[in-house]
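Undergrad: Below are the structure tokens for one structure; questions will follow.
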Amino acid sequence: MPRPNTAIIDPAMATMVAENRRPATVLVLAPTRTSDGMGGSTPTWTQVASFLGRVFASNQQPANTTVGGRPDVQQLWTIEGPPGLSISKTARLRVGSTDYAVIADDEPRSFSTATHILCYEV
């Protein structure tokens with residue numbers, strides 16, 4: 001016998017609620033190479049897409065890297081975007097004037113209302 005207060009989740013409503021929590025415009029940047037006129041090239045970043053998202057501190061452990069021979073701990077950030085979003089690890093994300101390098105995105109789920117992308121600030 002079903003419980004009388006059993007809630008039925010409407011996927012469209014859940015997605016709409018999740019979208020309303022994404023106030024920032026996130027730009028997706030892809031690496032390109034521009035000739036420097038002397039036989040070499042200069043890396044640049046070109047906008048290839050954008051989406052509404054939000055940035056929040058990740059609960060993952062900070063990334064440990066080595067800079068100048070000493071350890072450097074970087075704060076990890078999570079950028080939330082629409083469901084089904086796929087971001088390459090070579091891409092960068094820009095929110096306002098801050099760029100983020102992509103580490104990974106979460107696995108697809110059967111009932112997903114968002115994609116979470118793990119990043120660090122560049």
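Undergrad: Using θ = phi - 60° and the Karplus curve 6.51 cos²θ - 1.76 cosθ + 1.60, what whole-Hz ³J(HN,Hα) does each residue of the range 78-84 get, with Gly and Pro shown as x?
TA: Calculated HN-Hα couplings, in order: 10, 10, 9, x, x, x, x Hz.
Undergrad: Tell me, what HN-Hα J-couplings in whole Hz come from the Karplus equation 6.51 cos²θ - 1.76 cosθ + 1.60 at θ = phi - 60° for each residue of the range 49-58, using x for Gly and Pro?
TA: Values, residue by residue: 6, 8, 7, 7, x, 9, 10, 8, 5, 7 Hz.
Coordinate-derived values only; no laboratory data. What you are looking at is a predicted structure, and each value in this text was computed from that prediction instead of being measured.
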